[in-house]
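This report refers to the structure that appears directly beneath it.
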Amino acid sequence: MLLPSQAAIRGRSTVVAAFAAALLLLGGCAGPRIVTPEPPPIPDGGAAVPEQNEIVLTDGTQLVADAPWGRIKIEAGPGLRRVYTWRGNRRGVVLEPREERFAGSMGIHFEGTPPVWAPADGITKVDLEEGQRRFENVDDAMIWMQIRRLRYSYTNDGLVVGWKPNGDTLEVELWQFYIDGKKPTSLPGAEDSRIALGPVEVVPQKMTPHLVFSDGHTEPYTTETAAKHSGARAQSTASTASTASTAAISCNWFQRTFTDCSERAEAAAKAKAEAEAEAKAKAEAEAAAEAERAAAAEAKTPPPPEYPSATISGKTVNIRAGSSTNSKVLFQAKEGDAVEILKADKGWRYVKFEDDRKGWVADFLLKK
């Protein structure tokens, strides 16, 4: 059997190396693709809420709250589905009806990992509650909120919302308070302007484009990342078309061995670049319009009021549930504790401490 000569082997090796180099050059000419992913999927809906379960929102309604951790939006329905939007993320969960009362609530809840939930700023799990809470008097309701793990926004008629990110878990609570069997008409420290109810307005999550490379890895799409890669799109339609045209006619003799550098290929590359630039311009225009709408909505939200500050002047001072010495003592404060004065009632002041605890204190025990 005849063996190939060393020269033939070297020749074949040269051809293989040349072919590999050509593939690399072709990959460089093509550049990464600009891809804008679809928003994460939202469950279609859930079963109807059982009659015995006490919920807050009905199908087709939404709640938007400016809570201490920031704004949150909750969309209700169909059925047991709830959709939560916070910090630019929008995710949906089908809640579960409670079969027996838990801490007095016969509402709906979900705790754990949702079946469909793409990571959102590290959040992959949830601890969600919605229901009704019943108290004998206003003092009990205020104490319950002060000792809970969340900080709440609430209205005078007892609509209460609280949420926070806790590690990899999103915690959300939505309650309707009842005092002695009825919705309240006045709660200390309530701010009705922080919570709004209305019909559902679906606003899909805004997705940002990124660059997808031939090896599968991705990078955020910015003018800087686009400019540094061969074949990446330039900042405008004109510069993009110019870049594609230049790339099409600048093939050297080696690239022409494997690449179509004809006028037809040049025209195709230019048309493709123009189409991509048009799509990018449209996406940027839509993003700018969305930013304007968000800014307008933000401008409608009134800034939180500024309250006068003071400090506790007595060594040990009782903080009460009402503006009288006959009112229940909620807790005690010490001299020097800083407070904000929220409102006054004759010789008493309703104050808020730095840890958000609230209560009434005699005016003469404050140093202003």
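Descriptive notes on the structure:
- Summing +1 for each Lys or Arg and -1 for each Asp or Glu among the other residues whose beta-carbon sits under 12 angstrom from that of residue 134 gives 0.
- Area of residue 368 that stays accessible when all protein chains are in place (1.4 Å probe, Å², to 10): 150 Å²
- Residue 365 accessible area, 1.4 Å probe, all protein chains in place, Å² to nearest 10: 40 Å²
- Per residue, the average separation of C-alpha pairs within less than 8 Å and at least 6 apart gives region 36-136 a relative contact order of 26 percent.
- Backbone HN-Hα couplings from phi across region 349-366 [Karplus 6.51/-1.76/1.60, Hz, Gly and Pro as x]: 10, 8, 10, 10, 8, 5, 8, 6, 5, 9, x, 9, 9, 5, 4, 6, 8, 10
- 12 Å beta-carbon shell around residue 199, net charge (K/R +1, D/E -1): -3
- Ranked order, 335, 292 - accessible area, probe 1.4 Å, largest first: 292, 335
- Relative intensity, log₁₀ I(q)/I(0), of region 72-171 from a Debye sum that treats every alpha carbon as a point, q = 0.18, 0.20, 0.24 Å⁻¹: -0.96, -1.15, -1.47
- Over 19 Å between alpha carbons, listed pairs 328/368; 228/282; 334/358; 346/368: 328/368; 228/282
- With all protein chains in place and a 1.4 Å probe, the accessible surface of region 288-368 carries 51 percent carbon and sulfur.
- When only Cα pairs below 8 angstrom with a gap of at least 6 residues are kept, region 306-368 shows a relative contact order of 37 percent.
- Region 42-97 - percent relative contact order, Cα under 8 Å, separation 6 or more: 37 percent
- Amide N proximity, region 337-353 versus residue 309 label position 7 Å along Cα-to-Cβ, cut-off under 13 Å: 337-341, 353
- Per-residue surface analysis assigns residue 111 an accessible area of about 140 Å², computed on protein heavy atoms at 1.4 Å probe radius.
- The largest accessible area among 142, 207 belongs to the first residue in 207, 142, and the rest follow in falling order (1.4 Å probe, all chains).
- Accessible-area ranking of 148, 87, 82, largest first, probe 1.4 Å: 87, 148, 82
The values are calculated or read from the model by the stated rules, or taken from the named source; none is laboratory data. Since the structure is predicted, the reported quantities are computational estimates derived from the model, not experimental observations. Glycine gets a Cβ as well: all are built from the backbone with ideal geometry, and neighbour counts include every protein chain shown. SASA here: full protein model, heavy atoms, side chains in, ligands and nucleic acids out. Shrake-Rupley method; radii C 1.70, N 1.55, O 1.52, S 1.80 Å.
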